[in-house]
Amino acid sequence: MSQLFPASPLRAAAFAALCATALPQSALATNGYFSHGYGVKSQAIAGVGIALPQDGLTAATNPAGTAFTGDRLDVGVNLFNPSRGAEITGNGAGLNGKYSADGRDLFLIPEFGYTRQINPQLSVGLAVYGNGGMNTSYNTSPFGFGGFGEQGPTKMNLEQLFISPSVAWKATSDHVFGAALNLAHQRFSIRGLTPFAQPAASESSGNVHNQGTDTSNGVGVRLGWIGQIAPQWRLGATWASKIQGRFDKYKGLFAEQGGFDIPANYGVGVSWQPAKDWTLGLDYQVIELSDVKSVGNPLSQLTAQGQLLGSTNGPGFGWKDVKVVKLGVIHQLNDAWTLRAGYSHATQPIPKSEAFLNVLAPGVVQDHLTAGFTWQASANSEWSAHYTHAFEKTVKGTSAIPDGYGGGDANIRLKEDIIGVSYGWKF
């Protein structure tokens, strides 16, 4: 490592951030369309981290954690394998059938984190990670039959990259406050939406699909606090602001003429060390998806109220807010090995009535089971890994297809497997 990063740790962190922007980010549809956790160690305990910082990615969950991880650089990668699809039945327009969205089923998602203690009261950090996203790839389009006229595949891709510099201030011996900038970069593309690219459905029918990749940049903040309330107990809280986003190439698809903000989110957490070698963590998180019109507005805005796609109050995907409970356990087996496991449950973001449009974005999984470990290779280096399984979930959209599209049922499904590995370097 000394030859790879011969200069200061800060230059190493800058190099990591540059690599992250160069590598392809990909879609995470775990808790809604946010990742279930950030950093391999946190992912191994179902994303717990608000009051339980472990590595250089801690600012992605709670920037106050920057004060607890010391001087270190973490470089990781996740291999993400979703299985998603849809089934349409009872449709009078000829769309009936089972459709696989697994035209692409493997994604590499890099992550980097850096923290450094400046003095006993002040620490800084940098986290670079995929915040979330969604991908579906139907080689056989669900809209390719009957009278809809879609001749090619239907494919959608949403990616979100965050670069988050952070600072943490130890106000007292027991209380730390933190803040991070969330510099967000989004990419979006979609093709194969002929049924919706019509003047009767969109106020800009030429900007519904097939426009290539569009990008959006925005800035938000994340604030956090961690308090030592007893010798074995910590509490934490965090809040991240909404980040404005816009895809002008798709102003005929998304409400507010292409608006696609990243929703605000917040959470509280607790960690408890009941014995020397055991730590338990519990987080509660809320993601305010319904507050973004292009995500939260129902399709009935089009069918019942006549609000066209792309209009100021146009239809969206009808998603509700996601509320997540995460539980994790860490066991220090010996000086070399640390074991981790976790479980999380999220509320369902997609109502049954909204299943038709969400054939494009079936982010329906609710339950995650995770496990992982860290191997201390030397005094200054360690390897960590995790495995996450999101259990298969199907939302059965009985009578979810509007009469204007032939009526009937749309059932959407998703399951996921994620394997991640990271290298931690302590300065």
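The values are calculated or read from the model by the stated rules, or taken from the named source; none is laboratory data. As the structure is a computational prediction, the values presented were derived from the model and not from experiment. Because the Cβ atoms are built from the backbone with ideal geometry, glycine has one as well, and the counts that use them run over all protein chains shown.
Inside the stretch 268-292, residues that are modelled with pLDDT of 95 or more, farther than 16 Å from Gly32 by Cα, out of contact with any His (no Cβ under 7 Å at 6 or more places or on another chain) and outside any strand (DSSP E or B) make up a count of 0. Looking at the stretch 388-427 only, could you name the residues that are surrounded by 21 or more Cβ atoms within 10 Å (Cβ to Cβ), more than 17 Å from Val359 (Cα to Cα) and within 19 Å of the chain's Cα centre (by Cα)? Those that are surrounded by 21 or more Cβ atoms within 10 Å (Cβ to Cβ), more than 17 Å from Val359 (Cα to Cα) and within 19 Å of the chain's Cα centre (by Cα): Thr388, Ala390, Ile418, Gly420, Ser422. Name the single residue that is surrounded by the most Cβ atoms within 10 Å (Cβ to Cβ) among those in the stretch 210-237 being small (Gly, Ala, Ser) and either more than 30 Å from Ser189 (Cα to Cα) or within 17 Å of the chain's Cα centre (by Cα) (or both). Top of the filtered list is Gly224.
Just so you know, in the stretch 298-317 the residues that are within 30 Å of Ala390 (Cα to Cα) and touching a Gly at 6+ places or on another chain (Cβ under 7 Å) include one that is modelled with the lowest pLDDT, and it is Leu299. Inspect the stretch 238-252 for any residue being of a type in the set (A, V, I, L, M) and farther than 15 Å from Arg222 by Cα and give the result as yes or no. No, that holds for no residue. Among all residue pairs at least 6 apart or on different chains, which show Cβ distances below 9 Å where the first residue, located in the stretch 202-222, is closer than 27 Å to Leu183 by Cα and in a helix (DSSP H, G or I) and the second is at pLDDT below 95 and not β-branched (Val, Ile, Thr)? Listed by first residue and then by second, the contacts come to Asn207/Ala197. Beta carbons closer than 7 Å, at least 6 apart along the sequence or on distinct chains, pair a first residue in the stretch 169-196 that is of a type in the set (Asp, Glu) with a second that is not in a loop (DSSP other than H, G, I, E, B) for Asp174/Gly227; Asp174/Gln228.
Kindly indicate which of Leu369, Leu414, Leu360 is within 14 Å of Arg340 (Cβ to Cβ) and in contact (Cβ under 8 Å) with a residue 24 or more places away in the chain. Step through it out loud before you land on a result.
Details: Leu414 fails: within 14 Å of Arg340 (Cβ to Cβ); Leu360 fails: within 14 Å of Arg340 (Cβ to Cβ).
On inspection, the qualifying residue turns out to be Leu369.
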